[in-house]
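S.K.: Submitted below is the structure of interest, expressed as structure tokens.
Bear in mind these aren't lab numbers, they're just calculated from the coordinates by the rules spelled out. None of the values given here were measured: they were computed from a predicted structure. Using ideal geometry, Cβ is built from the backbone for each residue, glycine included, and neighbour counts are taken over all protein chains shown.
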Amino acid sequence: MPSLFSSLINISVSTVLGYMDNFSMPNFLYFWKSISMIKRFLLYGFVGWGIEVFWTGLGSLITGDLKLSGHSSLWMFFIYGSAVFLEGIHDRIEQWPWFIRGIIWMLLIWGIEYISGFLLDALFGIQPWHYTGSLAINGYIRLDFAPVWFAAGLAFERLHRSLDRFGIA
């Protein structure tokens, strides 16, 4: 007479094999791609946050604040994490000249920054950032950040390429 344990093992194995009959590789790949995107979303979010805190800390040094206080907003995590959706663009343009790619990234980042700033302001009445000065547009973007966003886009490419090369996420 079979034991309860061996019966449970047989039921489990037959259940798994039954599911394997319905297994489809495209569904598995879609599921795996979704998990990978979530991991990369989190990674880009944390990297972006860290860079922003470092950047604002450097800004405080320039203004004479020796505490080097850096800051960010929780909202920025989600904005930086959305860089995962730019990977497809990078895949399509990676063979283009670096200068053209840098301009594309600069324009895309300005667009994302403007739209996300506008939406946060319009929907929730909050402004995690508000730029001022003659080169600020509606407080959402600064034209003098062009070199920063140019370089940030090219740095994103290196991060994306490294993640792919080393199979991370």
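S.K.: Which residue, chosen from Gly139, Trp129, Phe46, occupies the Cα position most advanced towards the positive end of the dipole of segment 43-165, where the dipole is computed from +1 (Lys, Arg) and -1 (Asp, Glu) charges on Cβ about the Cα centre?
M.R.: Comparing the listed Cα positions along the dipole, Phe46 ranks first.
S.K.: Something else about it: Classify segment 43-165 from the C-alpha gyration tensor, please: rounded if a/c falls under 1.5, else prolate or oblate depending on whether a/b exceeds b/c. Please report the intermediate quantities before stating the final value.
M.R.: Working: a/c = 1.56, a/b = 1.40, b/c = 1.12.
Prolate, because a/c is 1.5 or more and a/b exceeds b/c.
S.K.: Now for a separate question. At R0 = 41 Å, how high is the FRET efficiency between Leu154 and Leu66 if r is their beta carbon distance? Nearest 0.05 is fine. Each step should come with its number before you reach the end.
M.R.: Details: r = 31 Å, r/R0 = 0.77.
The pair Leu154/Leu66 has a calculated efficiency of 0.85.
S.K.: Need one number: nm distance between label points at Asp121 and Phe166, each 7 Å from Cα along Cα→Cβ, rounded to one decimal.
M.R.: For the pair Asp121/Phe166, the computed spacing is 3.9 nm.
S.K.: Give me the net charge of His71's neighbourhood, meaning all other residues with Cβ under 15 Å from the Cβ of His71; Lys, Arg count +1, Asp, Glu -1. Present the calculation step by step, with values, prior to reporting the outcome.
M.R.: Details: positive: Lys67; negative: Glu52, Asp65.
Taking every other residue near His71 into account, the sum is -1.
S.K.: Distance from a point 7 Å along Cα→Cβ of Phe46 to each backbone N in segment 154-169: keep the residues under 13 Å and list them by number.
M.R.: Only 169 pass the distance filter.
S.K.: Quick one: Karplus J couplings for segment 133-144, per residue in order, coefficients 6.51, -1.76, 1.60, θ = phi - 60°, nearest Hz, x for Gly and Pro?
M.R.: With the stated coefficients, segment 133-144 comes to x, 5, 9, 8, 10, 6, x, 8, 9, 10, 5, 6 Hz.
S.K.: Right, here's the next one. About the Cα centre of segment 43-165, what is the dipole size in debye to 20, counting +1 per Lys and Arg Cβ and -1 per Asp and Glu Cβ, all else neutral? Display every interim value, and only then the final one.
M.R.: Working: 7 positive and 10 negative charges, 32 e Å.
In debye, rounded to 20, segment 43-165 gives about 160.
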